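Below: the structure, in structure tokens.
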Amino acid sequence: MSTATQIVTDDLRRWIVAQAEAGCRPDDVLAAMKTSGWDEDVALEAMEETLRQRLDELGPRPVVPLLPAVPVPEPAAGGACELLLSDGHRVRLLTTMGLPRVVVFGGLLSDAECEALMALAAPRLVRSETVDNDTGGSEVNAARTSDGMFFERGEAPLIQAIEARIAELLHWPLDHGEGLQVLRYRPGAEYKPHHDYFDPAHAGTASILKRGGQRVGTLVMYLNTPEGGGATTFPDVGLEVAPVRGNAVFFSYDRAHASTKTLHGGAPVTAGEKWVATKWLREGVFA
Ligand code: PD2
Ligand code: ZN
């Protein structure tokens, strides 16, 4: 489509409004318009003008107060670039970020621990499910094409040792953590961008929160180094964490809100397999 013939029709305006009302991110709408041949400047102006007009039509809307911020797990590094834990394990701080709060750890798990965790998990892997927002149950979801399993908290000496290390590293009580989840991604498998907190607007959330309250932090530990792909991505800030055996990425969210910028995903694995163990931390006791 040549820029000279790019007329913003009523149909296009209606489409832009429909995308916004369906919750599509502006970047994705812009990308779709560019793919269909719209010049970026024309597309941006059309989006801005159309959405401004729509807001004017809707008139003033009540301001919904943000949920209050709650305490979150936080590693006690005090500026150090290495932490010595009480089990003798040394963990390196490779990267940190303020918003979203992200910390990348080096050497959180040894090679032997990664191997042992994969071996314990392998016979129990089944196609991953995600939370069904309406019922609070779980369902198979095309956005998550991995296989997974959950360990019970403390179910084996190796699990106990890893959980104790995480509790010390993140200054968060062991009983505020869910059981470890192991995921295996095969080539082509991915986990599309999502938030790990439970959306307060969804009908199923109230029942989920009865057990341990909200999630306030996530630790994704890499159990192997895939041959290709599989980064953990934070699309709001353009951060990509490379999956490297023994390393881990931690992020926290002090309210169940997109302003925490913790939208994140697992990029498609392009070669080999990717194995991770995820620990989710809750506000309260997860019994
Ligand atoms: O495997 C990952 O990189 C990944 C990405 C997004 C894991 C999770 N989320 C998760 O377990 O919540
Ligand atoms: Zn996640």
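Values in this text are rule-based calculations from the coordinates and carry no lab data. Note that the structure is predicted; figures quoted are calculated from it, not measured. Note that each Cβ is placed from the backbone with ideal geometry, even for glycine, and that neighbours are counted across all protein chains shown.
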Under the 7 Å Cα-to-Cβ spin-label approximation, residue 199 and residue 270 lie apart by a distance in nanometres of 3.1
Note, residue 99: beta-carbon cut-off 10 Å, +1 each Lys/Arg, -1 each Asp/Glu, net +1
Full extension between residue 129 and residue 283 adds, at 0.36 nm per residue less the Cα distance, a length in nm of 53.2 nm
Most exposed first, judged by fewest Cβ atoms within 10 angstrom, 223, 99 run 99, 223
Length gained if residue 18 through residue 161 is fully extended, taking 0.36 nm per residue and subtracting the Cα-Cα distance, is 46.4 nm
For the chain, the Cα convex hull volume per residue in Å³ comes to 158
If 279, 34 are placed from fewest to most neighbouring beta carbons inside 10 Å, the sequence is 34, 279
Mean-square fluctuation maximum in Gaussian network of the chain, Cα pairs under 10 Å, restricted to 196, 236, 56, hits 56
In whole angstrom, the spacing between the Cα centers of region 19-96 and region 164-231 equals 19
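Quick one: 208, 162, fewest Cβ neighbours within 10 Å first, how do they rank?
Values: 208 18, 162 21.
Placing the least packed residue first, the sequence is 208, 162.
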The chain: relative contact order from alpha carbon pairs under 8 Å, six or more residues apart, as a whole percent, is 21
